[in-house]
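Structure first, then comments.
Each value in this text was obtained by applying a stated rule to the coordinates, not by laboratory testing. Model, not experiment: these values are computed from the prediction. Backbone-built Cβ (ideal geometry, glycine too); neighbour counts: all protein chains shown.
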């Protein structure tokens, strides 16, 4: 089974975090997303190896994107609750378990992040500096 098939919901969650940021900041470009995703891959890969990441955080917009995606990763790992705003504007916190989502392992998050990284590179090459953002944005 491919990553897309096995983890389609996780990929959608992570990409929603990226596109949510892009919708609020339309000047975001694919290279900033790629920098954020690369850093997260290093952070979670270090964790898989039982190490603490010493990689410096990205700067600027890439850090903001990384923080947004990391929040979603932590939620899917079962470590954090996700803040959700309802139609009345009230914010509630929801644990992944409350939605009966399977708690993931860091290695699974790394696999999903690598898939997104590959997609960013592909769509940037195909359609330029916002190719990935515009492509994925059509579906979310």
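Hull volume per residue, based on the alpha-carbon atoms of the range 32-77 and their convex hull, is 59 Å³.
Where does each of 101, 11 land when they are ranked from fewest to most other beta-carbon atoms within 10 angstrom? Can you show the working numbers first?
Working: 101 16, 11 19.
Ordered by Cβ neighbours within 10 Å, fewest first: 101, 11.
If eta is 1.567 mPa s and T is 4 °C, what Stokes-Einstein diffusion coefficient results for the chain, Kirkwood Rh from Cα pairs, in µm²/s?
Working: Rh = 15.5 Å.
After rounding, the answer is 84 µm²/s.
The alpha carbon convex hull volume per residue for the range 3-66 rounds to 88 Å³. Over the residues of the chain, the helix contribution to mean residue ellipticity at 222 nm works out to -20000 deg cm²/dmol, using -39500 (n - 2.57) for each DSSP H run of at least 4. Among 72, 1, a tally of other beta-carbon atoms within 10 Å of each Cβ gives an order, fewest to most, of 1, 72.
Would you order 110, 33 from fewest to most other beta-carbon atoms within 10 Å of each residue's own beta-carbon?
Numbers: 110 20, 33 29.
With the fewest neighbours first, 110, 33 line up as 110, 33.
Stretched out fully, how many nm does the piece from residue 85 to residue 51 gain, at 0.36 nm a residue minus the Cα gap? Numbers along the way, then the final one.
Values: separation 34, 0.36 × 34 = 12.24 nm, distance 3.52 nm.
In short, 8.7 nm is gained.
Two-decimal Rg/Rh of the range 72-140 from alpha-carbon positions, Kirkwood Rh? Spell out each step's value before the answer.
Details: Rg = 15.5 Å, Rh = 14.1 Å.
Expressed as Rg/Rh, it is 1.09.
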